[in-house]
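Following: one structure in structure tokens, then a few remarks.
The values are calculated or read from the model by the stated rules, or taken from the named source; none is laboratory data. Everything numeric in this text was worked out from a predicted model, so none of it was measured. We place every Cβ from the backbone using ideal geometry, glycine too, and count neighbours over all the protein chains shown.
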Amino acid sequence: MRSKIVAGNWKMNKNGEQTKELLRALSGGFPETEAEVMVAPTFVNLTNAVFQLKNSPIEVIAQNMHYAENGAYTGEISADMLQNIGVNTVILGHSERRAYFGETDELLAKKVTTALNHSLRVMFCFGEELEDRKADNHFKVVESQLKNALFSLDAAKWSNIVLAYEPVWAIGTGETASPEQAQEMHAFIRKTITEAYDETIANKVSILYGGSVKPANANEIFSKPDVDGGLIGGAALKADDFKAIINAI
């Protein structure tokens, strides 16, 4: 049975007090759900978030990490640092990291390897840009991103992988991805994993959708058979919206 997951990526939002307030609001009247619920505050607020949620079903996860164990990498965070404060899941390959910080498939493959070597769970993000979709190259782009960063992994490592498909063209562009388009791509992803590994791994890996999920569309998106939850951006910054999305799954 695949895990159902709702994860909130807070990006570069919420200072310390605002983080405490949002976590209090999320914890109060928390929905009854069998889904895993995760939040990813900024690095400077991770320690306090872990402490605040120590008796909560909400897991605190990180937005990024470096591939090196330690060293002269000013401003970076290592896998060991995350684990030391009680963070055991990390988002890697987010579209904003790729677009704004030049993260390549090759770099991400190194990050994934380091994270898995530390037994961190990896939420691996990928997805096509608008020009890829318009040129009908979206399947090729997604297949390439998966192949380059993940398909050299031993099969056993996939038990610590969660996938998050981000149609970048449907985020803040005025374009809209339909639930049917989400299902089409998620089914393709599962088929691609089956061909690279086997059907067992493909059917066990959770594939989240990260294309502007909101309370108004969450039910329909989550009803699709190959959509196992969502990586939520803006709506995760509002407690009521995030709870409504959790209820939808």
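Among the residues of region 136-182, how many are assigned to a loop (DSSP other than H, G, I, E, B), among the small types (Gly, Ala, Ser) and modelled with pLDDT of 95 or more?
Adding up the residues that qualify gives 1.
Taking region 50-78 as the search range and keeping residues that are touching a helix residue (DSSP H, G or I) at 6+ places or on another chain (Cβ under 6 Å) and of a type in the set (Gly, Ala, Ser), which one is surrounded by the fewest Cβ atoms within 10 Å (Cβ to Cβ)?
Ser56
Please enumerate the residues belonging to region 69-96 that are in contact with a strand residue (DSSP E or B) (Cβ under 8 Å, 6 or more places away or on another chain) and farther than 22 Å from Val37 by Cα. Reasoning before the result, please.
Looking only at region 69-96, we keep the residues that are in contact with a strand residue (DSSP E or B) (Cβ under 8 Å, 6 or more places away or on another chain), and these are 77, 79, 82, 86-95.
If the condition is that a residue be in contact with a strand residue (DSSP E or B) (Cβ under 8 Å, 6 or more places away or on another chain) and farther than 22 Å from Val37 by Cα, then Ile77 is the only one that fits.
When residues of region 122-135 are filtered for being surrounded by 14 or more Cβ atoms within 10 Å (Cβ to Cβ) and in a helix (DSSP H, G or I), how many remain?
Residues flagged as surrounded by 14 or more Cβ atoms within 10 Å (Cβ to Cβ) and in a helix (DSSP H, G or I) within region 122-135 amount to 3.
Kindly check whether there is at least one residue in region 182-191 that is closer than 19 Å to Glu36 by Cβ, buried (at least 17 other Cβ atoms within 10 Å of the Cβ), in contact (Cβ under 8 Å) with a residue 24 or more places away in the chain and touching a Phe, Trp or Tyr at 6+ places or on another chain (Cβ under 7 Å).
yes
Here is a list of conditions, (1) in contact with a strand residue (DSSP E or B) (Cβ under 9 Å, 6 or more places away or on another chain); (2) modelled with pLDDT of 95 or more; (3) of a type in the set (A, V, I, L, M, F, W, C), and Ala244 meets all of them except one; can you say which number that is?
Checking Ala244 against (1) in contact with a strand residue (DSSP E or B) (Cβ under 9 Å, 6 or more places away or on another chain); (2) modelled with pLDDT of 95 or more; (3) of a type in the set (A, V, I, L, M, F, W, C), the one that fails is (1).
Give just the number: which of (1) of a type outside the set (Phe, Trp, Tyr); (2) out of contact with any Leu (no Cβ under 7 Å at 6 or more places or on another chain); (3) in a strand (DSSP E or B) does Ser119 not satisfy?
Result: Ser119 fails condition (3) only.
Looking at region 80-113 only, could you name the residues that are on the phi < 0 side of the Ramachandran plot and either loosely packed, with under 15 Cβ neighbours inside 10 Å or over 17 Å from the mean Cα position of the chain (by Cα) (or both)?
If we filter region 80-113 for residues that are on the phi < 0 side of the Ramachandran plot, which is where we start, we get 80-85, 87-92, 94-101, 103-113.
Matches in region 80-113: Asp80, Met81, Gln83, Asn84, Ile85, Ala99, Tyr100, Phe101, Thr104, Glu106, Leu107, Lys110.
Looking at region 1-99, what strands (runs of 3 or more DSSP E) fall wholly within it and have at least 2 residues that are of a type in the set (Asp, Glu) and under 14 Å from Ala236 (Cβ atoms)?
Answer list for region 1-99: none.
Would you call Val44 surrounded by fewer than 21 Cβ atoms within 10 Å (Cβ to Cβ), touching a residue at least 12 places away in the same chain (Cβ under 8 Å), in contact with a Gly (Cβ under 7 Å, 6 or more places away or on another chain) and of a type in the set (Val, Ile, Thr)? Spell out the reasoning first.
On the way: surrounded by fewer than 21 Cβ atoms within 10 Å (Cβ to Cβ): yes; touching a residue at least 12 places away in the same chain (Cβ under 8 Å): yes; in contact with a Gly (Cβ under 7 Å, 6 or more places away or on another chain): no; of a type in the set (Val, Ile, Thr): yes.
No, not satisfied.
For region 149-167, which residues satisfy the criterion of being more than 20 Å from Leu231 (Cβ to Cβ) and either touching a residue at least 12 places away in the same chain (Cβ under 8 Å) or surrounded by 15 or more Cβ atoms within 10 Å (Cβ to Cβ) (or both)? So that I can check it myself, show each step before the final result.
Restricting attention to region 149-167, the residues satisfying the condition of being more than 20 Å from Leu231 (Cβ to Cβ) are 151-157.
Passing the criteria: Phe151, Ser152, Leu153, Ala155, Lys157.
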